[in-house]
Amino acid sequence: LPIFQTDEGFYLVHQQNAHERVLYERYSLAVEGKPMLTQQSLFPATIELTPHDAVLLTDLLPDLNDLGYQIEPFGKQTFVIQGTPADIESGGEKAAIEKMLEQYKHFSSEIKYDNREKLIRALAVQSAIKAGIILTQKEMQELVTSLFACQQPNITAAGKPTFTAFKKHELDKIFGR
């Protein structure tokens, strides 16, 4: 877990939750009119889905385009992934779409969210750096900088904390200073 110090104490950051928040806000901006860049695939991937998932993906295509995906129907249940957001590893396109659809279906039981919100939440959860992945010092710094540039840096979209603060005066109290 990234730890960083300030004059006021130190912060312990939960990298997965922090990255979810950063991605959620980035994706929210993308569908509100600031589309993300698409990285064209050198070798477009083909994905075949169940009839239900094919209908679902078709409905999500306009918002996915804003989020940096370029996916085209190729028959009834088959799609060609022509491009992805820059942060999707080459070769992982199919898995990313499949995981996103599963996460989207998980959020579908929550009626209070519209389809766009479910999609943004699903992509943020699915794309976030997982706990246990070791980040370089530079990656940690970029994550923390991005987190504190967010409108709401302290929690994920689901309300999970992204960091905890240990204030200097609280630490002094604990250690009898």
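The values are calculated or read from the model by the stated rules, or taken from the named source; none is laboratory data. All figures in this text were calculated on a predicted structure; none of them were measured in a lab. No Cβ is skipped: glycine too gets one built from the backbone with ideal geometry, and neighbour counts run over all protein chains shown. Protein only, heavy atoms only, side chains kept; ligands, DNA and RNA dropped before computing areas. Shrake-Rupley method; radii C 1.70, N 1.55, O 1.52, S 1.80 Å.
Residues of the stretch 25-177: accessible area per residue at 1.4 Å, in Å²? Don't skip to the answer; put the middle values down first.
Details: 9400 Å² over 153 residues.
So the stretch 25-177 comes to 61 Å² accessible per residue, rounded to a whole number.
For a distance above 28 Å, tell me the whole-number percent of Cα pairs in the chain that qualify.
Numbers: 4918 of 15576 pairs.
Result for the distance tail: 32 percent.
Loop only by DSSP, 14 or fewer other Cβ within 10 Å of the Cβ. Give me the GluC sites (Glu not before Pro) in the stretch 1-50 that pass, ordered by residue number. Write down the numbers at each step before the final one.
On the way: sites: GLU8, GLU20, GLU25, GLU32, GLU48; in loops: GLU8, GLU32.
Answer in residue order: GLU8, GLU32.
Summarising the amide proton neighbourhood of GLY9: residues at separation of 5 or more, or on other chains, whose placed amide H is nearer than 5 Å comprise LYS168.
If you filter the stretch 5-111 for trypsin sites (Lys or Arg not before Pro), then keep DSSP loop positions with at most 15 other Cβ within 10 Å, what is left?
Values: sites: ARG21, ARG26, LYS76, LYS94, LYS99, LYS105; in loops: LYS76.
Here the sparse-neighbourhood loop sites are LYS76.
Largest GNM mean-square fluctuation among THR84, THR156, THR58, using the chain with Cα springs under 10 Å: THR58.
For the residue pair THR145 and ARG177, what label-to-label distance in nm results when each label sits 7 Å from Cα along the Cα-to-beta-carbon direction? Distance between the two pseudo-spin positions: 2.9 nm. The relative contact order of the stretch 1-144, computed from alpha carbon pairs under 8 Å that lie at least 6 residues apart in sequence, is 29 percent.
Listed cross-link partners LYS118/LYS160; LYS138/LYS168; LYS99/LYS130 are compared with a 19 Å cut-off, the Cα-Cα value being larger for LYS138/LYS168.
Among the protein heavy atoms of the chain, carbon and sulfur supply 55% of the accessible surface, probe 1.4 Å, non-protein parts ignored.
With Rh defined as the Kirkwood radius, the inverse of the mean 1/r over Cα pairs, the Rg/Rh of the stretch 96-139 is 1.12. Angle check, please: helix 115-127 long axis (alpha carbons) against the longest principal axis of the chain (alpha carbons), in degrees 0 to 90, nearest 10. Once rounded, one gets 60 degrees. Within the listed set ILE134, ILE120, ILE71, the Gaussian network model of the chain (springs between alpha-carbon atoms below 10 Å) gives the highest mean-square fluctuation for ILE134. With each label modelled as a point 7 angstrom along the Cα→C-beta vector, the ARG116-VAL80 pair spans 2.9 nm.
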